[in-house]
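K.L.:
Just dropping this structure here.
The values are calculated or read from the model by the stated rules, or taken from the named source; none is laboratory data. Remember, it's a predicted structure, so these values are computed and weren't measured experimentally. Cβ placement follows ideal geometry from the backbone for every residue including glycine, while neighbour counts extend to all protein chains displayed.
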Amino acid sequence: MPFVADLRVVLRGRDFRRLFAVRLVSQAGDGAFQVALASLVFFSPERAATAGAAAGALAASVLPYTLVGPFAGVLLDRWRRRQVLLVANAVRTLIVVAIAVLVVVDVGPSLYVAVLAALSVNRFFLAGLGASLPHVVPDDELVMANAVSPTCGTLAAIGGGFLGYGLRQLLGVGDGTDALVLLAAALAYATSAVLATRMSPGLLGPDHLVEARPAAGVHALVDGARHVRERRPAFDALAAIGLHRFAYGISFIATILLCRNHFADPADVSSGFTLLALVFAALGLGFAVAAVITPLGSTRWGTSGWVWRCFVAAALTEYVVAVTISVPLLLVAAVVLGAAAQGSKICVDAIVQACVDDDYRGRVFSFYDVVFNLAFVIAAATAALLVPTDGYSRPVYALIGSLYLLAAVGYARAVRGHPVQVH
């Protein structure tokens, strides 16, 4: 399997292993943190789940990534990245402990402010991981490391999520249980901070500290957008993944409501939560499948050819769901949609990296980050208007399938005659 072989290659490096450990432990904490949030927002007996509530919560969770993203790259050129990883995890530990206390004492505005703060700090942490990677692997292993690190991080998050789910099932539904899951996440963040100290402060760069003002983030975002517009392969790929993300976001919110209100009694939050955990497991399986089959598919049909084929697979899946829905079908759909989402994103990442100038790469990826997350926020607003409370509407699922198909056809036409192949 190419994925396992690549992982073995990059794990030979001591510095990579240390950075990898920081990522895995921290993202396992992210998984537990997200389980606690899902329990509080969507599966609390005191709160009814509606499309508007789900959309608002998910949009709020993504907004920090959209707003902080343009400034993260600029500030990471000014601060020692090892220190960013250390301090970000330490700060998140304190914030999540505070959230656990607030859950027990009072679920109010202060709780949601603290959650947004934790998510914003997480954005700096993830950006720091990405910027640090070239400092711990040779140039000829960078593509491998870029492929395996995020995938393994996602799997670690799923593992952390199942740990949180297990605690919830063992201890029962309640604010006290959610607080314990949050404390488990805080412990993971604290452990990740300790692991970061095994690296020397200057190991991860930047090589030359530069003076940078936060306002430079706006200029960097504009520069990145202009550069993408001048590089047609990158522009086409970002437009396609943006439309894909929009369709995926509507489907994601509908799935939460299906688990909460359609396949389970809305009063039985435990059953709904269990089903959502199974859906996330299926989604994670799809991510793992994508890591295995994407190198094969992109070799067979080209990098751009694999992207639009992933979109077609997602479109067909949504059309089937528009005709009929059942729990087994929902789980199969989650596997296919997860594989399509991860497979297309791996390829789009590679296309953008290959087609932009190195001097603009950081700014381009800041712009990419905003496009990717803003599409999800817009999807949340759209879902609030279109998706019913029980999550199932044949016209809505047909619309989602048509959006995927539009992305596939549009991107296939854009690259026709000059397909993109990235090795």
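K.L.:
Among the listed residues 288, 264, identify the single one that is buried (at least 18 other Cβ atoms within 10 Å of the Cβ) and part of a loop (DSSP other than H, G, I, E, B). First the steps, then the outcome.
P.N.:
On the way: 288 fails: part of a loop (DSSP other than H, G, I, E, B).
The match here is 264.
K.L.:
Counting only residues that are within 24 Å of residue 42 (Cα to Cα) and of a type in the set (S, T, N, Q), how many does segment 140-199 have?
P.N.:
Residues that pass the stated criteria total 3.
K.L.:
While we're here: Output yes when any residue across segment 318-333 is buried (at least 16 other Cβ atoms within 10 Å of the Cβ), in contact (Cβ under 8 Å) with a residue 12 or more places away in the chain, over 15 Å from residue 250 (Cβ atoms) and charged (D, E, K, R), and no when none is.
P.N.:
No, there is no match, as no residue in segment 318-333 is buried (at least 16 other Cβ atoms within 10 Å of the Cβ), in contact (Cβ under 8 Å) with a residue 12 or more places away in the chain, over 15 Å from residue 250 (Cβ atoms) and charged (D, E, K, R).
K.L.:
Given (1) more than 26 Å from residue 56 (Cα to Cα); (2) at pLDDT below 90; (3) surrounded by 17 or more Cβ atoms within 10 Å (Cβ to Cβ), where does residue 377 come up short, assuming only one miss?
P.N.:
Every listed condition holds for residue 377 apart from (1).
K.L.:
Among the residues of segment 134-145, is any under 30 Å from residue 270 (Cα atoms) and not assigned by TED's automatic domain parsing to the domain that holds residue 366?
P.N.:
At the first step, the residues of segment 134-145 found to be under 30 Å from residue 270 (Cα atoms) are none.
No: zero hits.
K.L.:
Any residue at all in segment 297-307 that is outside any helix (DSSP H, G or I) and among the charged types (D, E, K, R)?
P.N.:
So in segment 297-307, the residues outside any helix (DSSP H, G or I) come out as 302.
Adding the requirement that they be among the charged types (D, E, K, R) leaves none.
Within segment 297-307, none of the residues are outside any helix (DSSP H, G or I) and among the charged types (D, E, K, R).
K.L.:
Let me ask something additional. So for segment 359-377 (the condition being within 20 Å of residue 286 (Cα to Cα), assigned by TED's automatic domain parsing to the domain that holds residue 231 and touching a helix residue (DSSP H, G or I) at 6+ places or on another chain (Cβ under 6 Å)), does at least one residue qualify?
P.N.:
Restricting attention to segment 359-377, the residues satisfying the condition of being within 20 Å of residue 286 (Cα to Cα) are 372, 376.
If we keep only those that are assigned by TED's automatic domain parsing to the domain that holds residue 231 as well, we get 372, 376.
Cutting the leftovers down to touching a helix residue (DSSP H, G or I) at 6+ places or on another chain (Cβ under 6 Å) gives us 372, 376.
Yes, segment 359-377 contains a residue that is within 20 Å of residue 286 (Cα to Cα), assigned by TED's automatic domain parsing to the domain that holds residue 231 and touching a helix residue (DSSP H, G or I) at 6+ places or on another chain (Cβ under 6 Å).
K.L.:
Would it be correct to say that residue 409 is in contact with a Leu (Cβ under 9 Å, 6 or more places away or on another chain) and farther than 20 Å from residue 154 by Cα?
P.N.:
Working: in contact with a Leu (Cβ under 9 Å, 6 or more places away or on another chain): no; farther than 20 Å from residue 154 by Cα: yes.
In short, no.
K.L.:
Condition (residue is modelled with pLDDT of 90 or more and surrounded by 22 or more Cβ atoms within 10 Å (Cβ to Cβ)) applied to segment 128-136: is it met by at least one residue? Steps first, answer last, please.
P.N.:
The initial filter retains those residues of segment 128-136 that are modelled with pLDDT of 90 or more, namely none.
Scanning segment 128-136, I find no residue that is modelled with pLDDT of 90 or more and surrounded by 22 or more Cβ atoms within 10 Å (Cβ to Cβ), so the answer is no.
K.L.:
Could you run through segment 264-313 and say how many residues are aliphatic (A, V, I, L, M) and over 30 Å from residue 355 (Cβ atoms)?
P.N.:
Number satisfying all stated conditions: 11.
K.L.:
Cβ contacts < 8 Å: first residue at negative phi, restricted to segment 371-400; second residue part of a loop (DSSP other than H, G, I, E, B) and hydroxyl-bearing (Ser, Thr, Tyr), any location; separation 6+ or different chain. Result?
P.N.:
Between residues of segment 371-400 that are at negative phi and residues that are part of a loop (DSSP other than H, G, I, E, B) and hydroxyl-bearing (Ser, Thr, Tyr), the close pairs are 386/393; 387/393; 389/50.
K.L.:
Another question about this same structure. Consider only pairs whose beta carbons are under 7 Å apart and that are at least six residues apart or on different chains; among these, list those whose first residue lies in segment 120-149 and is closer than 20 Å to residue 192 by Cβ and whose second residue is among the hydroxyl-bearing types (Ser, Thr, Tyr).
P.N.:
123/65; 125/26; 133/149
So that you can scan it fast, the table gives a plain yes or no per residue for (1) out of contact with any Cys (no Cβ under 8 Å at 6 or more places or on another chain); (2) farther than 27 Å from residue 165 by Cα; (3) in the same structural domain as residue 154 (by TED's automatic domain parsing):
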| position | (1), (2), (3) |
| --- | --- |
| 248 | yes, no, no |
| 258 | yes, no, no |
| 262 | yes, no, no |
| 266 | yes, no, no |
| 277 | yes, no, no |
| 294 | no, yes, no |
| 298 | no, yes, no |
| 307 | no, yes, no |
| 313 | yes, yes, no |
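K.L.:
Can we say residue 283 is buried (at least 22 other Cβ atoms within 10 Å of the Cβ), touching a residue at least 24 places away in the same chain (Cβ under 8 Å) and not assigned by TED's automatic domain parsing to the domain that holds residue 407?
P.N.:
Considered against the rule, which asks whether it is buried (at least 22 other Cβ atoms within 10 Å of the Cβ), touching a residue at least 24 places away in the same chain (Cβ under 8 Å) and not assigned by TED's automatic domain parsing to the domain that holds residue 407, residue 283 comes out as no.
K.L.:
Scan segment 59-90 for residues that are touching a Phe, Trp or Tyr at 6+ places or on another chain (Cβ under 9 Å) and modelled with pLDDT of 85 or more and report the count.
P.N.:
Here the count works out to 6.
K.L.:
Is it the case, given these coordinates, that residue 98 is part of a helix (DSSP H, G or I) and at pLDDT below 75? Show your work before the answer.
P.N.:
On the way: part of a helix (DSSP H, G or I): yes; at pLDDT below 75: no.
Taking the combined requirement at face value, the residue does not satisfy it.
K.L.:
Within segment 115-125, does at least one residue satisfy the condition of being assigned to a loop (DSSP other than H, G, I, E, B) and small (Gly, Ala, Ser)? Steps first, answer last, please.
P.N.:
Let us first name the residues in segment 115-125 that are assigned to a loop (DSSP other than H, G, I, E, B), namely none.
Checked against the condition, which is being assigned to a loop (DSSP other than H, G, I, E, B) and small (Gly, Ala, Ser), segment 115-125 yields no hits at all.
K.L.:
From the list 422, 352, pick out the single residue that is modelled with pLDDT under 90, surrounded by fewer than 22 Cβ atoms within 10 Å (Cβ to Cβ) and not assigned by TED's automatic domain parsing to the domain that holds residue 140.
P.N.:
Numbers: 352 fails: surrounded by fewer than 22 Cβ atoms within 10 Å (Cβ to Cβ).
After applying the criteria, what remains is 422.
K.L.:
So, in segment 285-323, how many residues would count as being over 23 Å from residue 418 (Cβ atoms) and at pLDDT 95 or above?
P.N.:
Residues in segment 285-323 being over 23 Å from residue 418 (Cβ atoms) and at pLDDT 95 or above: 11 in total.
K.L.:
Of the residues that sit in segment 395-411 and are within 22 Å of the chain's Cα centre (by Cα) and of a type in the set (A, V, I, L, M, F, W, C), which one is surrounded by the fewest Cβ atoms within 10 Å (Cβ to Cβ)?
P.N.:
Per the criteria, the residue is 403.
K.L.:
Another one. Looking at 288, 340 in this structure, which one is closer than 16 Å to residue 247 by Cβ and within 20 Å of the chain's Cα centre (by Cα)?
P.N.:
Values: 288 fails: closer than 16 Å to residue 247 by Cβ.
Going through 288, 340 in turn, just one is closer than 16 Å to residue 247 by Cβ and within 20 Å of the chain's Cα centre (by Cα): 340.
K.L.:
Right, residue 392: surrounded by fewer than 21 Cβ atoms within 10 Å (Cβ to Cβ), within 25 Å of the chain's Cα centre (by Cα) and among the aromatic types (Phe, Trp, Tyr) or not? Steps first, please.
P.N.:
Working: surrounded by fewer than 21 Cβ atoms within 10 Å (Cβ to Cβ): yes; within 25 Å of the chain's Cα centre (by Cα): yes; among the aromatic types (Phe, Trp, Tyr): yes.
So residue 392 fits the description; yes.
Residue by residue, here is whether (1) outside any helix (DSSP H, G or I); (2) surrounded by 18 or more Cβ atoms within 10 Å (Cβ to Cβ); (3) not β-branched (Val, Ile, Thr) holds:
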| residue | (1), (2), (3) |
| --- | --- |
| 151 | no, yes, no |
| 169 | no, no, yes |
| 178 | no, yes, yes |
| 242 | no, yes, yes |
| 255 | no, yes, no |
